[in-house]
Amino acid sequence: MMMTDTRNPSSFFWSARLNTSVCGTSSTINCQIYWPGEIDLEMLSELHKKHPGVTVDNEVVEPSRQQLYNYKVLVSQKPDLDYIKFNWNTMTASEFEEHWKAEKATKKVDFIHMIQMLYYVKDPEATVRFFQGLLGKNGKLLIILVSGKSGWGKLWRTYRAQLCQPDISQCVTTGDIKSFLDSKGVRYQSYELPSQMDITECFTEGDEKGELLLDFLTEVLDFSNTASPELRAGVLEMLRHPDCSVESNGKVIFNNNLEAISLDQLS
Ligand SMILES: C[S@@+](CC[C@H](N)C(=O)[O-])C[C@H]1O[C@@H](n2cnc3c(N)ncnc32)[C@H](O)[C@@H]1O
C-alpha cells in the first residue's frame, strides 16, 4: 500500500494563531486540550519554535491507557519540553466534560485540537459544542477528520448501515460536522488537506496485502470472508467508482483527503 499524505496541519494552525492576543502578548498559553499522537507533539514543537518564551498548560485527554503510555514515552524521549505542564486525563471526551462541569472550572482555553478523534465519540455535535464553549477570546478549536468529499465520505454514506459499528465509530466526516455547524449558523473556516492511497491490491482476490487493506477500508475484520458476496462486490465496485478513486497507469488511487475545520469562540 502506498500512501501520500500532503497534509500539514501544524503550519495551518500556527499561522492561524499568530493573530491571537494570547500568543502575541502573553507569556502563557493558558490551556490546550487534545488527544495525543505524533502529530500532536509536532504541533507543540512548532508552537515553541514560533513562541520560544511561551509556557503551555496542557490537558491531554485519552481514554486508552496504552495510547497514553505510548504518548508519555514519546514525550519523555523528546528533549526540552519543560515549557509544557502536562495534565494527563485517562478518560473519554465526555468523561472530561463531566469532570470539567463537576469542578465548575471557569478557566478559558486558547487551543483545542481534535485530530482524527471525533469518529469515536458517541455524539460528535454535543462534543464540539461543549469544547467550543471552553474557548477564550481568540481561542481556536481545530478539528481534523476525513473530508466529506473523500472516498471515505462516499463509502460511508452508501454503506453506513452495513459497515459502520456505532459502538466503535460514528463514521463521521467533516461534511457531517459542517452540516450541523451550518444548521446552527456557527461560522468556521475549512481547509481541504489532499491525501491519497494506492488501493490497487484490493482488487486481486486473495492477495494478502489487498485483503488487509480491504479490512482497513471497511473497518471489518476479515471482510472478504464475513461479508455477503453482494456486499463485497458492491463495496469493491464503490471503491473504484470515480466518486472514491481515480484510475491511472493501472493503479486505483483512493481519495483519502482530510479536512481541517477551525472554530472560534462562540459568539
Ligand atoms: C486515530 S487516533 C488519533 C491520535 C492523534 N490525535 C493523531 O492524530 O495521531 C484517535 C484517538 O482518539 C482516542 N479516543 C477514542 N475514543 C475516544 C473518546 N471517546 N474520547 C476521546 N478520545 C478518544 C483513541 O484512543 C485514539 O488515541
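Structure notes:
- Within the span defined as the stretch 75-97, every residue fails to be polar (S, T, N, Q), under 23 Å from Ser45 (Cβ atoms), away from the ligand (no atom under 16 Å from the Cβ) and in a strand (DSSP E or B).
- Lys122 more than 11 Å from the ligand (Cβ to nearest atom) and basic (Lys, Arg): no
- Extreme residue, nearest to Leu231 (Cα to Cα), among residues of the stretch 164-186 that are among the small types (Gly, Ala, Ser) and assigned to a helix (DSSP H, G or I): Gly175
- Selection count where residues are in contact (Cβ under 8 Å) with a residue 40 or more places away in the chain and touching a helix residue (DSSP H, G or I) at 6+ places or on another chain (Cβ under 7 Å), scope the stretch 123-134: 3
- Sole exception among (1) out of contact with any helix residue (DSSP H, G or I) (no Cβ under 8 Å at 6 or more places or on another chain); (2) surrounded by fewer than 19 Cβ atoms within 10 Å (Cβ to Cβ) for Tyr188, by number: (1)
- Residue check, Ser224 out of contact with any Phe, Trp or Tyr (no Cβ under 7 Å at 6 or more places or on another chain) and under 30 Å from Leu135 (Cα atoms): no
- Residue that is farthest from Phe130 (Cα to Cα) [pool: residues in the stretch 98-119 that are assigned to a strand (DSSP E or B) and near the ligand (Cβ under 8 Å from one of its atoms)]: Ile115
- Members of the stretch 156-205 found to be over 21 Å from Ile115 (Cα atoms) and in contact (Cβ under 8 Å) with a residue 60 or more places away in the chain, listed by number: Thr158, Tyr159, Gln162, Leu163, Asp198, Ile199, Glu201
- Test: residue in the stretch 146-163 that is among the charged types (D, E, K, R), outside any loop (DSSP other than H, G, I, E, B) and under 17 Å from the mean Cα position of the chain (by Cα): no
Coordinate-derived values only; no laboratory data. Since we're looking at a predicted model, the values are computed, not measured. Every residue, glycine as well, gets a Cβ built from its backbone with ideal geometry; the counts of neighbours run over all protein chains shown.
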